[in-house]
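Notes follow once the structure below has been shown.
The values are calculated or read from the model by the stated rules, or taken from the named source; none is laboratory data. These numbers come from a predicted model, not from an experiment. Cβ atoms come from the backbone with ideal geometry, glycine included; neighbour counts cover every protein chain shown. Each accessible area value is taken on the protein alone, full model and side chains, heavy atoms only, with ligands, DNA and RNA left out. Shrake-Rupley method; radii C 1.70, N 1.55, O 1.52, S 1.80 Å.
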Amino acid sequence: MLRRALELLEADDDIRVVAISTIRETDPVEIEDQPRFLNAAAAVETELGPQELLGRLLGIELTLGRTREGPRYGPRTIDLDLLLYGDEVVDGPGLHVPHPRLAERRFALEPLRELDPELVVPGAGPLKALLSELE
C-alpha cells in the first residue's frame, strides 16, 4: 500500500516527490491489540497550498480503499498525514500543521530525521531534541 500510495503521489503533475525514507515496522499506538504498522515519510515539492495538498492525500487514501469506519487508531489500509508544510504553521478547519501529535510520535519523527537530520519543527523545536525527549 505504501508503494502504491507513492506511485499515485508521483503521478500527480502538481507534486514532485524529492525524497523517501525507508519503511519501518512499528508497534501500534493507542490500540495495541492489532497488527504492527508500516511507517515512512516522503518529502515533496509543490505549488499546492496545504489544504489542497491534504485533499490530494485524502484522495489517494480513498483510491486505496481507506474508510473512516472502525476505531480511530485501529487497523486501516493506508493513512497519509501532512506532517509539515515547509516552516509554516497552519491551524484551520480539518488541518493542523505541524501535525498536532508529531512531537510525541517516534514512528513519524525517525523517518523525518532520515530525510533531514537538521530539521526544526515549527513551534516544537529541533528534531534531534524532540527525539531525545522520547528516549
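Sum up the charges of everything whose Cβ sits under 13 Å from the Cβ of Phe107, counting Lys and Arg as +1 and Asp and Glu as -1, but leave Phe107 out.
Net of charged neighbours comes to -2.
Accessible area of the chain with a 1.4 Å probe: how many percent of it is carbon plus sulfur?
The C+S portion of the solvent-accessible surface of the chain is 50 percent.
Give the residue list of GluC sites (Glu not before Pro) in region 1-100 that are DSSP loop and have at most 14 other beta-carbon atoms within 10 angstrom.
Here the sparse-neighbourhood loop sites are Glu30, Glu32, Glu47, Glu69, Glu88.
Taking amide H atoms as placed 1.01 Å from N in the peptide plane, list the residues 5 or more away in sequence, or in a different chain, whose amide H sits under 5 Å from that of Val90.
Val97
With the crude spin-label approximation of a point 7 Å out along Cα→Cβ, what separation in nm comes out for Thr67 versus Gln34?
For the pair Thr67/Gln34, the computed spacing is 1.4 nm.
Kindly report the accessible area of the chain per residue (heavy atoms of protein chains, probe 1.4 Å, no ligands, DNA or RNA), in Å².
Value returned for the chain: 62 Å² of accessible area per residue.
If R0 is 25 Å, what FRET efficiency do you get for Glu52 and Val120 from their C-beta distance, rounded to 0.05?
Approximately 0.55, to the nearest 0.05.
Grab the DSSP H runs of the chain that are 4 residues or longer, score each as -39,500 (n - 2.57), total them, divide by all residues and round the 222 nm result to the nearest 500 deg cm²/dmol.
Here the helix-only value at 222 nm equals -9000 deg cm²/dmol.
In Å, what Kirkwood hydrodynamic radius results for the chain from the alpha-carbon pair distances?
Its Kirkwood hydrodynamic radius stands at 15.7 Å.
Considering amide H positions built from the backbone, and no H for Pro or chain starts, which residues 5 or more places from Leu119, or on another chain, come under 5 Å of its amide H?
The list, which skips near neighbours in sequence, is Leu127.
Using only the alpha-carbon atoms, what does region 1-77 span along each of its principal axes? Please give whole angstrom values in decreasing order.
For region 1-77, the Cα extents along the three principal axes come out at 40, 26, 19 Å.
Below 8 Å between Cα atoms, with a sequence gap of 6+, how large is the relative contact order for region 40-135 in percent?
23
Note down the nm distance, to one decimal, between modelled labels 7 Å out along Cα→Cβ at Leu2 and at Asp79.
A separation of 1.4 nm, rounded to one decimal place.
Between beta-carbons, use under 10 Å as the cut-off and find the net charge around Thr26, counting Lys and Arg +1, Asp and Glu -1.
That works out to +1.
In sequence order, what are the phi-derived ³J(HN,Hα) couplings for region 15-20 according to the Karplus relation 6.51 cos²θ - 1.76 cosθ + 1.60 with θ = phi - 60°, rounded to whole Hz, with x for glycine and proline?
10, 10, 7, 9, 7, 9
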